[in-house]
1. Please tell me if Ser403 is open to solvent by 60 Å² or more (accessible area, probe 1.4 Å), under 17 Å from the mean Cα position of the chain (by Cα) and either of a type in the set (Ser, Thr, Tyr) or modelled with pLDDT of 90 or more (or both).
2. Report, by residue number, each residue of region 649-671 that is of a type outside the set (S, T, N, Q) and under 18 Å from Asn600 (Cβ atoms).
3. For Asn634, indicate whether it is of a type in the set (S, T, N, Q) and part of a helix (DSSP H, G or I).
4. When only residues in region 113-153 that are farther than 29 Å from Ala79 by Cα and open to solvent by less than 20 Å² (accessible area, probe 1.4 Å) count, which is modelled with the highest pLDDT?
5. Filter region 611-627 down to the residues that are out of contact with any helix residue (DSSP H, G or I) (no Cβ under 7 Å at 6 or more places or on another chain) and either open to solvent by 30 Å² or more (accessible area, probe 1.4 Å) or of a type in the set (Val, Ile, Thr) (or both) and list them by number.
6. Which pairs do you get when a residue that is of a type in the set (Lys, Arg), found in region 348-369, comes within reach of a residue that is crowded, with 23+ Cβ neighbours inside 10 Å, reach meaning Cβ atoms under 9 angstrom, with the pair 6+ apart or on two chains?
7. Counting only residues that are open to solvent by 30 Å² or more (accessible area, probe 1.4 Å) and small (Gly, Ala, Ser), which one in region 692-723 is farthest from Asp663 (Cα to Cα)?
8. Filter region 377-389 down to the residues that are under 25 Å from Leu301 (Cβ atoms) and touching a residue at least 40 places away in the same chain (Cβ under 8 Å), then identify the one that is surrounded by the fewest Cβ atoms within 10 Å (Cβ to Cβ).
Amino acid sequence: MLLKLFSNSYRNRFLTDFLSVIFIIFFQFSLYSQITKDSLKKQLVFELPTNSTIDTLVSLARVNFGINQKKAIFYAKEAYKQVISENDEHLISLTAQTLADAYYYRDEFTNAIDYYKIAAQSEKRIYGEFSDEYGSRLADIGYCFYLLGIYDVTNTYYQDALIISKGNGNMEDIHTNINNLGTLYFAWGQYDKAIDAFVETLEYDKKQKNYANLSVSYNNIGKVYFILNKYEQAIQYYNQALDYSKKTQNNSTIAIRYGNLGMAYYKLGDYEKAQNFLNDAIILDKKQGNDYKVAIRQNELGKISEAQGNYKTALDYQLKALATFNRLKIKESQTITHINIAEIYEYLNEYKKSETYYHEAIEIAISIGSVYNEMVAYEGLAGLYEKTYQYKKSLHSYMKYESLSKDIFTAKSDKQLLAFQVKYETEKKEKEIALLKKEAIIKDIKISKSRIIGVSLTAILLLLIFVAYSYIKKHKLKKEVNSILSEKNNQLQVLNATKTKFFAIISHDLLNPIAAFHSLTKSMESSFDAIPKEKLHSFIKELSTSSEKVYLLLQNLLTWASINNGRMKYAPENTDLANLLTEVLDIQKMHAQEKSISLNLAVIPETIVFVDRLMIATVVRNLISNAIKFSPKNAQVQISVRETEKMIQVCIKDSGVGMIQEDLDKLFKIEVDNKDIGSSVGKGTGLGLILCKELVEKCGGKIWVTSEVSKGSNFVFTVPIKNTNFEYE
């Protein structure tokens, strides 16, 4: 009977008996194409014995799991309806589990949970609360909660299932449950625990030569590499997972592997390969009528369209995907899609909509305990607030992002991942070494007594050498420790200097303009009507100057903070230097005109450099602003460009008072107090020059200055020439 075949089966377990397959295919065709749903039950009851009817319906349902989920649910419901009124726990367990599996394959996880619970209770009454059958159903329920993003409930079911399998000594179930926990830890952001679980299951699967499980294990390890931004390693493991999935001929898992490869290539910037893999996945998902998986692919294709600048197309993909996730109540996917939509609205300058979607993403992530998605949402929100000049909100969001980031990406995770990589990539070499050691032992056994004496003397000599080496090593180690302590001391000095520089900025560059604001506004408030129009105009001019100083200072402070905490990412591109310099000069002309200073630019048109455009624009803006600031009225500021070997050199020469060599040596150093440099009354804290040095070096160049007293200063920096291997995307 087919009942016996399926009574303890797991999902993906299909008919193996050839005659049963032939019968089911024929029976399915005749039933589904020639009779209606209403007449099906009547025809079956009159033509077949009861148990045979149920077995056949269950078989038809399971055959359709990977082919047509609607048919699978239809047959499973018919089977369950026929046994629900009977007092046969075995039949109730069988049909309830089959119906739950059918709902699972269609991604209707809440319905699947209801029927898995019914099956679990029946198996508990049949086999006992510590049986493998009952433990398997608990694992099924936990997995559905995992897919719904309810991780705390998932953990409870997985742990209970693991306890049962360990109590029974069922090694296959033990490793299945450990793998499930690894997947949960990964989603929870606990990567060290996830790695431990995946390594343990991979070892077991290799011994069992279980292709399906090996595909899952390799895929899971690839996901860890992916989340740690190691995309090339992720692709290696995804390809191994795909090979094993193809051996099992399981279209559902093959589609998943295609999707993972697509996203890894997307992260590497290979959009063509990414789209090809995702389209292959969609073809398989649509054949199976899997709306959830199709929505996942739409989400991913939306990300690719966004990366290519096709924001309207990207938004259309994401909104379609979100509608499916909302209908299926898949909270994890809802969170990710909200973040994607928020990013697109930000690119479209619809900031209110972007902010709304970021906040909704955070709420959903918190509700399901998804720390990683919460972190990503806060990072995006911080960038949005910074872009819209809401610096207080930006700082708050960024602090939340930093806190969550530290919780997730621990040094322990990366260390264990590296250990795993070394272990498995050198497996072949270790076997060769073990073989050589074995051969060496055999040879040693054959050594004659006379040679033993020689070996002993050699051992004594080696011991003496080892003692001498240890003595030298001890002194060398002591020297290295002293060197490390010295380096740490230097780092501490830089940190103290950074703190001092920050307070200097607050007390000098920020306090003075704000004090001017306070004084002028107080005067204008107390005697506004008595102030002459000319005097009022001068007050307003001073207020404008002070606000400009505060604005530029805050820009530099935010840029400096972004560099030091690693948030500013280096994004080089081939850039027309003439256009970049012209844009900056157009902004600075108004300040130059106030002092009747002429800005002279000498650059060859279409001079292409390979730089981060925003970084170099910040450098040029600061240097030209300083040149205007320290040059007298009616002077000139010269901006010139010349090409050297593989580099472009930009020179900004002012007509200021100049500096002596002693002062030049103090520039660009954060540990130097700026008040010790020169005697100009207009000097600030030197943050601008420190910022320029860090940005230029990030772009692969250098910066220096030459100067003569009373003859002005010449600030020079270099940037890389055009990169011929770089392609615009």
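The values are calculated or read from the model by the stated rules, or taken from the named source; none is laboratory data. Since the structure is predicted, the reported quantities are computational estimates derived from the model, not experimental observations. Because the Cβ atoms are built from the backbone with ideal geometry, glycine has one as well, and the counts that use them run over all protein chains shown. Please note that ligands, DNA and RNA were not included when accessible areas were found on the heavy atoms of the full protein model with its side chains. Shrake-Rupley method; radii C 1.70, N 1.55, O 1.52, S 1.80 Å.
1. Taking the combined requirement at face value, the residue satisfies it.
2. Correct list: Val650, Cys651, Ile652, Lys653, Asp654, Gly656.
3. Numbers: of a type in the set (S, T, N, Q): yes; part of a helix (DSSP H, G or I): no.
No.
4. By that ranking, first place goes to Tyr151.
5. Matches in region 611-627: Val611, Leu614.
6. Lys353/Ile341; Lys353/Ala342
7. Gly700
8. Among them, the one singled out is Leu384.
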